[in-house]
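Read the structure below first, then the notes.
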Amino acid sequence: MKPQDMPLEVWEALCRKCGKCCTEKVDIDDVIYMSKKYCRFLDKDTMQCGVYEDRHVAEPGCMTVPQGVKAGIFPADCPYVQTVEGYVPAVEEWNDPAIDQAIREILGDDALDD
């Protein structure tokens, strides 16, 4: 069975708690770039959402797993997308000052800090 055909609870159980899906993303020329800026509700010590049950109310931009797959917000090594045919992952690393500048303009100077 493909992950996208599994019940949501089963699909979410695949999560390895890396927190990468909880970073702010920027779409530049139809490419999704992953910043280093985490959602304000992510506890960086546990990599758990502090408002998980109400996350879509507390943070309207928070996506469900199926929405995130469709939008390409998960990195290539995410278990959610390992078997999704044709999935284009979010870009985690790049060496392009123009992309850095665009991300900083959209998300602020701390968007690329480790």
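The values are calculated or read from the model by the stated rules, or taken from the named source; none is laboratory data. Remember, it's a predicted structure, so these values are computed and weren't measured experimentally. As a convention, Cβ positions derive from the backbone with ideal geometry for all residues, glycine included, and neighbour counts pool all protein chains shown.
Of the residues that make up segment 30-51, is at least one in a loop (DSSP other than H, G, I, E, B) and among the β-branched types (Val, Ile, Thr)? Give the steps one after another, and end with the answer.
Filtering segment 30-51 for residues in a loop (DSSP other than H, G, I, E, B) gives 30, 39-41, 44-47, 50-51.
Pick out the ones that are also among the β-branched types (Val, Ile, Thr) and you get 46, 51.
Yes, the conditions are met somewhere in segment 30-51.
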What do you reckon, is TYR80 hydroxyl-bearing (Ser, Thr, Tyr), in a loop (DSSP other than H, G, I, E, B) and over 18 Å from ALA13 (Cα atoms)?
-> no
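Within segment 1-55, work out how many residues are among the polar types (S, T, N, Q) and over 30 Å from ASN95 (Cβ atoms).
Taking segment 1-55 first, the residues among the polar types (S, T, N, Q) are 4, 23, 35, 46, 48.
In the following step, the residues that additionally are over 30 Å from ASN95 (Cβ atoms) were identified as 4, 46, 48.
Of the residues in that region, 3 qualify.
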Please find, within segment 91-114, the residue that is surrounded by the fewest Cβ atoms within 10 Å (Cβ to Cβ) out of those that are in contact with a Lys or Arg (Cβ under 7 Å, 6 or more places away or on another chain) and assigned to a helix (DSSP H, G or I).
-> ASP110
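Select, from ASP77, ASP113, ASP30, the only residue that is modelled with pLDDT of 90 or more and over 13 Å from the mean Cα position of the chain (by Cα). If you could, list the steps in order and put the result at the bottom.
Details: ASP77 fails: over 13 Å from the mean Cα position of the chain (by Cα); ASP113 fails: modelled with pLDDT of 90 or more.
Checking each option against the conditions leaves just ASP30.
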